[in-house]
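Novice: Sharing a structure below in structure tokens format, with a few things to ask.
The values are calculated or read from the model by the stated rules, or taken from the named source; none is laboratory data. Remember, it's a predicted structure, so these values are computed and weren't measured experimentally. Note that each Cβ is placed from the backbone with ideal geometry, even for glycine, and that neighbours are counted across all protein chains shown. SASA here: full protein model, heavy atoms, side chains in, ligands and nucleic acids out. Shrake-Rupley method; radii C 1.70, N 1.55, O 1.52, S 1.80 Å.
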Amino acid sequence: MAIVTEDNAELKEIQKLEGHTDRVWGLAWNPTTGADGVPAVLASCSGDKTVRIWQQSSPTSSFHLKAIIEDTHTRTVRSCSWSPSGKLLATASFDATTAIWAQVGDDFECLSTLEGHENEVKSVSWNASGSLIATCSRDKSVWIWEVLPGNEFDCVSVLQGHTQDVKMVHWHPSEDILFSCSYDNTIKVWAEEGDSDDWHCVQTINEANNGHSSTVWSISFNATGDKMVTSSDDLSIKVWGADIVSMRSGDGYAPWKHLCTLSGYHERTVFSVHWSREGIIASGAADDAIRLFVENQDNLGDGPMYKLLLKKEKAHEMDVNSVQWGSKENGLLASSSDDGTVKIWKLAPRH
Amino acid sequence: MVSGLINANPIVYEKKERRPRTGPVDLEDEDIKDPEHPYSLEDLKVITEDAIEVDDKRSYVRVTFTPTVEHCSMATVIGLCLRVKLMRSLPSRYKVDIRVAPGTHATEAAVNKQLNDKERVAAALENPNLVDMVDDCLAPSFE
């Protein structure tokens, strides 16, 4: 495969998926698809209160609409997330509920509805083993739910600490450490102390310790889990690092440290960041553009740690709300927008 | 009995002759009613022509409004009305920022942040009571 560099990189639009009748907020690739000859499956959720499931007919062919999940959520579906096994899909809605779905034949059946948040649920995330789910809401709280046999889901912890609505929750890719980001401009890290379902905030990253100066919208991790990237209304994205070895040893908490800030690239709010398995950071912003950043290999000591690989202007006709890389094998990037469409992109060297 | 209104006695200004405007912004072609008075936002000088900046090339609009009192709890509703009005009348390529005039509101930063958080705006516009209030302010004729 030819090498992509900043001089020849091109983000090619493969397909535009139309059908949603309102802005498309969230996207989720089914993690068990898109590799080993399994056609890729993508879920998208929208202000039209539906979730659409898109599937490739074969690993190289185009995407088509496979199923529509509707008539359950009564308001915007803000976020969706597949379980690690790819068997369950969680959907978080402004209707204050989170629904858990399983595929039965060609349809999706609602197994359970997680209730408890006072108002809009904004994000849902599964931990690495699929045993825990986290949700967050405008009610300023983060909830942790345990996945029990028989499609039972028990709330094991309600985490208070944010002073404003919580925009996103995200589990660490390998450890049971939870991250949340908020309208209060902070990122909080939550971990279990002892083995008693006793979850605590172990770190708060705010403006005083190199954090963001406005709403933090999204969080993503690199493949090894020792780096985190966050995006904000302050028009910057920030990269953080932690010692993965001591994180794994369980021997005390390994704090996250500021590594670098990428500012001056985005013109409006950065709603989404996602780190690919190959190390490329994609961002989606309210300036309608998608940008890709890579580690600066020529850098010896000083100079920026990351550089812009490419900027796709007018990637959508309106704000880009989400960017999500597919599996390493297919190298696809999906994006969603206020323009009501989902786009599938492929990063390739320009010919 | 104390009036329940936030600003019971607002100053009502004489209507100014409008200069003809070309371009896509018709914020003033139809009046927007104040949430608690039978006057338009223009009558109360909450909004003036100069407070609307349009950059057609960059597809950008910024509206700066002036609440009638510093502690106006209606500021977010007024801002929401302005945003909805622009959403309904501008081509979708426009980016819109709405803010209170610097120094005219006690919680200026908080109001501005809320009005420009599109997730909060989207959630507010799924609230039937708020939508009714906004629609009432935007009703074509109220006089």
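Novice: Could you pull out the pairs from A:Lys227/B:Lys85; A:Lys87/A:Lys314; A:Lys188/B:Lys57; A:Lys140/B:Lys95 whose alpha carbons sit more than 31 Å apart here?
Specialist: Working: A:Lys227/B:Lys85 43 Å; A:Lys87/A:Lys314 35 Å; A:Lys188/B:Lys57 40 Å; A:Lys140/B:Lys95 28 Å.
As for pairs spanning more than 31 Å Cα to Cα, those are A:Lys227/B:Lys85; A:Lys87/A:Lys314; A:Lys188/B:Lys57.
Novice: Here's a follow-up. For A:Glu6 and B:Ala8, what does the FRET efficiency come to when R0 = 45 Å and r is the distance between their Cβ atoms, rounded to the nearest 0.05?
Specialist: Working: r = 62 Å, r/R0 = 1.38.
The computed FRET efficiency comes out at 0.15.
Novice: Here's something else I'd like to know. Between A:His200 and A:Lys346, what is 0.36 nm times their sequence separation minus the Cα-Cα distance? Round to one decimal in nm. Could you put the intermediate results ahead of the total?
Specialist: Values: separation 146, 0.36 × 146 = 52.56 nm, distance 4.04 nm.
Separation in residues times 0.36 nm, less the Cα-Cα distance, equals 48.5 nm.
Novice: Okay, moving on. Could you pull out every one of the aspartates and glutamates with an alpha carbon less than 14 Å from that of A:Lys167, ignoring same-chain neighbours closer than 8 positions?
Specialist: A:Glu120, A:Asp139, A:Asp184, A:Asp233, B:Asp117, B:Glu119
Novice: Contact order normalised by length for region A:138-222, with contacts defined as Cα pairs under 8 Å and 6 or more residues apart; what percent is it? Write out the running numbers ahead of the final one.
Specialist: Working: 184 pairs, mean separation 20.3, N = 85.
Computed over region A:138-222, the figure is 24 percent.
Novice: Any idea what the relative contact order of chain A is, in percent, if you count C-alpha pairs under 8 Å spaced at least 6 apart? Can you show the working numbers first?
Specialist: Values: 1027 pairs, mean separation 53.4, N = 351.
Across chain A, relative contact order equals 15 percent.
Novice: Still on this structure, I have one more. What number, in percent, do you get for the relative contact order of region A:197-263 if the mean sequence gap of Cα pairs under 8 Å and at least 6 apart is divided by its residue count? It would help to have the intermediate numbers written out before the result.
Specialist: Values: 99 pairs, mean separation 16.2, N = 67.
Dividing the mean separation by the residue count of region A:197-263 yields 24 percent.
Novice: Let me ask you something else. Probe of 1.4 angstrom, ligands and nucleic acids ignored: what's the accessible area per residue over region A:1-96, in square angstrom? Spell out each step's value before the answer.
Specialist: Details: 4110 Å² over 96 residues.
Ligands and nucleic acids excluded, the figure is 43 Å² per residue.
Novice: In square angstrom, rounded to the nearest 10, how much accessible surface does A:Arg75 have for a 1.4 Å probe?
Specialist: Counting only protein heavy atoms, the figure is 50 Å².
Novice: With r as the distance between the Cβ atoms of B:Ala106 and B:Val131 and R0 = 25 Å, compute the FRET efficiency 1/(1 + (r/R0)^6) and round to 0.05.
Specialist: Numbers: r = 27 Å, r/R0 = 1.06.
Efficiency computed from Cβ-Cβ geometry: 0.40.
Novice: About its Cα centre, what dipole magnitude does region A:1-151 give when the only charges are +1 on Lys and Arg Cβ and -1 on Asp and Glu Cβ, stated in debye to the nearest 20?
Specialist: Numbers: 12 positive and 19 negative charges, 24 e Å.
Here the size comes out at about 120 debye.
Novice: How much area per residue is accessible in region A:194-286 when the probe is 1.4 Å and only protein heavy atoms are counted (Å²)? Don't skip to the answer; put the middle values down first.
Specialist: Numbers: 3740 Å² over 93 residues.
The answer is 40 Å² per residue.
Novice: Charges only on Cβ, +1 for Lys and Arg, -1 for Asp and Glu: so what's the dipole of the protein assembly as shown about the Cα centre, in debye to the nearest 20?
Specialist: Details: 48 positive and 75 negative charges, 276 e Å.
Computed about the Cα centre, the dipole is about 1320 debye.
Novice: Using protein heavy atoms only (no ligands, DNA or RNA), what is the total accessible area buried between A and B, 1.4 Å probe, nearest 100 Å²? Don't jump to the answer; show the numbers that get you there.
Specialist: Details: alone 14820 and 8620 Å², together 21800 Å².
Summed over both sides, the interface buries about 1600 Å².
Novice: With point charges of +1 on the Cβ of Lys and Arg and -1 on the Cβ of Asp and Glu, referenced to the Cα centre of the protein assembly as shown, which listed residue (B:Leu125, A:Ile68, A:Gln203) lies farthest in the positive direction of the dipole?
Specialist: Towards the positive end, the residue furthest out is A:Ile68.
Novice: Which residue, A:Lys87, A:Lys167, A:Lys188, tops the fluctuation ranking in a GNM of chain A built on C-alpha contacts under 10 Å?
Specialist: A:Lys87
Novice: Just the number please: accessible area per residue for region B:36-143, 1.4 Å probe, all protein chains included, in Å². Mind showing how you got there, number by number?
Specialist: On the way: 4940 Å² over 108 residues.
Normalised by residue count, the accessible surface of region B:36-143 is 46 Å².
Novice: I'd like the residues of region A:173-222 whose 1.4 Å-probe accessible area shrinks by no less than 40 Å² going from the isolated chain to the full set of protein chains.
Specialist: A:Tyr183
Novice: Dipole size in debye (nearest 20) for region A:260-351 around its Cα centre, Lys and Arg Cβ +1, Asp and Glu Cβ -1? Intermediate results must be reported in sequence, preceding the final value.
Specialist: Values: 11 positive and 13 negative charges, 60 e Å.
Approximately 280 debye in magnitude.
Novice: Taking 30 Å² as the minimum loss, tell me which residues in region A:302-334 lose that much accessible area going from the chain by itself to the full protein complex (1.4 Å probe).
Specialist: A:Met318
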